[in-house]
Every structure is written in structure tokens, then in C-alpha cells.
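The values are calculated or read from the model by the stated rules, or taken from the named source; none is laboratory data. As the structure is a computational prediction, the values presented were derived from the model and not from experiment. Using ideal geometry, Cβ is built from the backbone for each residue, glycine included, and neighbour counts are taken over all protein chains shown.
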Amino acid sequence: MATFAGPVGWNAILRVTHAREFFTDAPIVVFPASWQDAGSGVFTFALATLALTLARPDTKSNRTVLLAAICGIVAFLVDVYLY
């Protein structure tokens, strides 16, 4: 859920604040990332960390960070190549 909700929330924030500059892709053909894409990954990482910590507080922190990082990377890559 966090992998879906993170980019949706981040994009909603950017649209409400009229931050159009964040949607400019880098001029690299193979990896056209933008600040909006990076923000989606970071926002998803933070949301996934919070959700995993609240859902399973007894889980080791390195496992929580690993799972949250996977969620953030997936959201970032989907945002770069599919959105």
C-alpha cells in the first residue's frame, strides 16, 4: 500500500503547490529521472518505514529499512519509466 500511496501523495503535494519544475526529466535517454521521481522514491521510503514500524514494531530495524528501501526503489523506477 505504501508503494502506491507514496507517489500518489507526493504528486498531490506537487500539484497543489504548483511545482512544475519538479516534472522536468534529466536529458539522459537511458535514465530520464526527474526531481519528482526522486521525491516519489523518498516519500515512499518514508511512508513504508512508518507503516512497517507501526505494523510490526518487533521486527529488526535493518529488515524494516531493507523492505522500505525496496518499496522506495520500486516506486522510483515505476515513476521514471511508466509515469
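For the range 8-25, a residue qualifies if it is in contact with a Ser or Thr (Cβ under 6 Å, 6 or more places away or on another chain) and part of a loop (DSSP other than H, G, I, E, B), and the qualifying residues are 24, 25. Flag set for residue 28, criterion: outside any helix (DSSP H, G or I) and of a type in the set (Val, Ile, Thr). Note on the range 14-25: residues that are surrounded by 13 or more Cβ atoms within 10 Å (Cβ to Cβ) and either at pLDDT 85 or above or among the aliphatic types (A, V, I, L, M) (or both) total 2. Just for the range 49-73: of the residues that are surrounded by 17 or more Cβ atoms within 10 Å (Cβ to Cβ) and under 9 Å from the mean Cα position of the chain (by Cα), which one is nearest to residue 23 (Cα to Cα)? The residue in question is 72. Would you tally the residues in the range 32-57 being modelled with pLDDT of 90 or more and acidic (Asp, Glu)? So the count comes out to 0.
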